[in-house]
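The values are calculated or read from the model by the stated rules, or taken from the named source; none is laboratory data. It should be emphasised that the depicted structure is a prediction, and the values quoted were computed from it without experimental measurement. Cβ: placed from backbone, ideal geometry, glycine included. Neighbour counts: every protein chain shown.
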Amino acid sequence: MKFGVVVFPGSNCDRDCIHATETVLGQPTRLIWHQETSLGDVECVALPGGFSYGDYLRTGAIARFSPVMGAIQRFAAEGGLVIGICNGFQILCESHLLPGALLQNAGLRFRCRAVHTRVEDAATPFTRACREGEVLEMPIAHHGGRYHADAETLAQLEANGQVVLRYCDANGMVSPDANPNGSARSIAGIRNRAGNVFGLMPHPERASESALGSVDGRRIFESLVSGAVKAV
Amino acid sequence: MPKVKVYVKLKPKVLDAQGQQVRNALHTLGYENLDGVRMGRYIELDIAPSDRDLQDEVREMCDKLLANPVMEDYTFEVAE
């Protein structure tokens, strides 16, 4: 699968993403500069973590108007696979490619640690290498990860099965204690209605090799390449 | 040149984590009668007159970029 990783001014997890898809999974990957207006023959676009445009105004608010976002909007509308990690998730929400918004953590602390998330939907292109109910351990590193949407939108997300990952404890139990940022319904990752756009606050690319302490995040990328690709 | 003052704040139902912390700090300072604190963003715009309606233009700026309607409300006033 041909991956593209978008680089905004202030992105800082772009190289980590490329390492995961290119070096760990052996998939062709290219950097896509935020000024580009075409994605070329890319089959999956990743919006990486970081602080695009310094997080000025609101996280993701300014990146949304980058030239490349027009191309990503068209790509997503045609069914192209888009994954937004951390700041990438914030940008997808600001772009209305995903519903809701991400606010400052309820405790106002920058949370930087490993968390557990439960796979609520293992039928998506992003989780099909996982089992439903499986617990993935991945790091988070964010100040603005509190998922928010109005009651009606939350009900729709649940009804349509769009909640893909929920914060939980090591045993898969969801509770306020296992929710690191006060996210509504302990939401850690959601997909769009069509299922081709996925955003999550944890960093799968930082959990893709045993040297990093967890390989659980690799399952997300393996899912994207149909779970058929072996690490090189 | 008209100066426009834009006020953006979180919707009433959205937890304002910053406001809560500031309220706690003010309580620590002894202001026990203080009930709540909500924080927001204040933006000044200098806009040269054009053939567009100023109110419409500012509303458009707010809807497109300055506020996120998912979580924020805004008001603005025009001062010459």
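Kindly state which strands (runs of 3 or more DSSP E) lie completely within segment A:134-186 and contain at least 3 residues that are aliphatic (A, V, I, L, M) and away from every other protein chain (no Cβ under 14 Å). Spell out how you get there, then give the answer.
On the way: elements: A:135-142, A:146-148, A:163-168.
It comes to A:135-142, A:163-168.
Just one of the numbered conditions (1) farther than 25 Å from B:M71 by Cβ; (2) buried (at least 16 other Cβ atoms within 10 Å of the Cβ) is not true of A:M201; which one?
(1)
Given (1) within 22 Å of A:R64 (Cβ to Cβ); (2) away from chain A (no Cβ under 14 Å), identify the lone condition not met by B:E32.
Single failed check for B:E32: (1).
Can you tell me which of (1) buried (at least 24 other Cβ atoms within 10 Å of the Cβ); (2) within 29 Å of A:G182 (Cα to Cα) is the one A:G54 doesn't meet?
(1)
If I filter segment A:102-118 down to residues being outside any loop (DSSP other than H, G, I, E, B) and either touching a residue at least 60 places away in the same chain (Cβ under 8 Å) or surrounded by fewer than 23 Cβ atoms within 10 Å (Cβ to Cβ) (or both), which single residue comes out as nearest to the other protein chains (Cβ to nearest Cβ)? Please lay out each step first, then the result.
The first filter runs over segment A:102-118 and keeps only residues outside any loop (DSSP other than H, G, I, E, B), leaving A:102-103, A:111-118.
Pick out the ones that are also either touching a residue at least 60 places away in the same chain (Cβ under 8 Å) or surrounded by fewer than 23 Cβ atoms within 10 Å (Cβ to Cβ) (or both) and you get A:102, A:111-117.
Working: A:L102: 9, A:R111: 13, A:C112: 17, A:R113: 19, A:A114: 23, A:V115: 19, A:H116: 23, A:T117: 22 Å.
So, considering only residues that are outside any loop (DSSP other than H, G, I, E, B) and either touching a residue at least 60 places away in the same chain (Cβ under 8 Å) or surrounded by fewer than 23 Cβ atoms within 10 Å (Cβ to Cβ) (or both), the one nearest to the other protein chains (Cβ to nearest Cβ) is A:L102.
If I filter segment B:48-75 down to residues being assigned to a loop (DSSP other than H, G, I, E, B) and more than 14 Å from the chain's Cα centre (by Cα), which single residue comes out as nearest to B:L15 (Cα to Cα)? Before you say what the answer is, go through the steps one by one.
Initial filter on segment B:48-75 (assigned to a loop (DSSP other than H, G, I, E, B)): B:48-53, B:67-71.
Filter again for more than 14 Å from the chain's Cα centre (by Cα), leaving B:48-53, B:70.
Numbers: B:A48: 37, B:P49: 38, B:S50: 39, B:D51: 40, B:R52: 37, B:D53: 35, B:V70: 13 Å.
Of everything passing the filter in segment B:48-75, B:V70 is nearest to B:L15 (Cα to Cα).
Kindly establish whether A:V7 is without any contact (Cβ under 8 Å) to a residue 60 or more places away in the chain and β-branched (V, I, T).
Numbers: without any contact (Cβ under 8 Å) to a residue 60 or more places away in the chain: yes; β-branched (V, I, T): yes.
When the stated conditions are applied, A:V7 passes them.
Within segment A:204-216, which residues are part of a helix (DSSP H, G or I) and surrounded by fewer than 24 Cβ atoms within 10 Å (Cβ to Cβ)?
Here is the first cut: in segment A:204-216, the ones part of a helix (DSSP H, G or I) are A:204-207, A:210-212.
A:A207, A:S210, A:A211, A:L212, listed by residue number.
Kindly establish whether A:A106 is in contact with a helix residue (DSSP H, G or I) (Cβ under 7 Å, 6 or more places away or on another chain) and farther than 24 Å from A:Q156 by Cα.
Values: in contact with a helix residue (DSSP H, G or I) (Cβ under 7 Å, 6 or more places away or on another chain): yes; farther than 24 Å from A:Q156 by Cα: no.
No; evaluated as a whole, the condition is false for this residue.
Do we find a residue being part of a loop (DSSP other than H, G, I, E, B), more than 12 Å from chain A (Cβ to nearest Cβ) and modelled with pLDDT of 95 or more anywhere in segment B:21-29? Talk me through it step by step, then tell me what you get.
Step one: list which residues in segment B:21-29 are part of a loop (DSSP other than H, G, I, E, B), which gives B:29.
Subset that is more than 12 Å from chain A (Cβ to nearest Cβ): B:29.
This time we only want the ones that are modelled with pLDDT of 95 or more, so: B:29.
There is at least one residue in segment B:21-29 that is part of a loop (DSSP other than H, G, I, E, B), more than 12 Å from chain A (Cβ to nearest Cβ) and modelled with pLDDT of 95 or more.
Does segment B:41-58 include one or more residues that are surrounded by 12 or more Cβ atoms within 10 Å (Cβ to Cβ), farther than 21 Å from A:Q104 by Cβ and among the acidic types (D, E)? Let's see the steps before the verdict.
Going residue by residue through segment B:41-58, those that are surrounded by 12 or more Cβ atoms within 10 Å (Cβ to Cβ) are B:41, B:43, B:45, B:47, B:54, B:57-58.
Within this subset, residues satisfying the condition of being farther than 21 Å from A:Q104 by Cβ are B:45, B:47, B:54, B:57-58.
So of that shortlist, the ones also among the acidic types (D, E) come out as B:57.
Yes, the conditions are met somewhere in segment B:41-58.
Give me the pairs, please: first residue somewhere in segment B:63-80 and away from chain A (no Cβ under 12 Å), second residue anywhere and among the acidic types (D, E), beta-carbon distance under 9 Å, and either six or more positions apart or on two chains.
These pairs meet every condition: B:Y74/B:D63.
Return the residues of segment B:1-20 that are of a type outside the set (K, R), within 10 Å of chain A (Cβ to nearest Cβ) and either within 10 Å of B:M39 (Cα to Cα) or in contact (Cβ under 8 Å) with a residue 12 or more places away in the chain (or both); say none if nothing qualifies. Steps first, answer last, please.
Our first condition is that a residue be of a type outside the set (K, R); within segment B:1-20, this holds for B:1-2, B:4, B:6-8, B:10, B:12, B:14-20.
If we keep only those that are within 10 Å of chain A (Cβ to nearest Cβ) as well, we get B:8, B:10, B:14-18, B:20.
Selection gives B:V8, B:L10, B:V14, B:D16, B:A17, B:Q18, B:Q20.
Filter segment A:24-80 down to the residues that are of a type in the set (G, A, S) and part of a helix (DSSP H, G or I), then identify the one that is nearest to A:L224 (Cα to Cα).
Start the filter on segment A:24-80 by keeping residues that are of a type in the set (G, A, S), which leaves A:26, A:38, A:40, A:46, A:49-50, A:52, A:54, A:60-61, A:63, A:66, A:70-71, A:76-77, A:79-80.
Those still in the list that are part of a helix (DSSP H, G or I) too: A:52, A:54, A:63, A:70-71, A:76-77.
On the way: A:S52: 25, A:G54: 30, A:A63: 25, A:G70: 23, A:A71: 20, A:A76: 15, A:A77: 18 Å.
Residue satisfying both the conditions and the ranking: A:A76.
Of these, B:V6, B:V37, B:V78, which one is surrounded by 11 or more Cβ atoms within 10 Å (Cβ to Cβ) and in a loop (DSSP other than H, G, I, E, B)?
Details: B:V6 fails: in a loop (DSSP other than H, G, I, E, B); B:V78 fails: in a loop (DSSP other than H, G, I, E, B).
One residue alone meets the criteria, B:V37.
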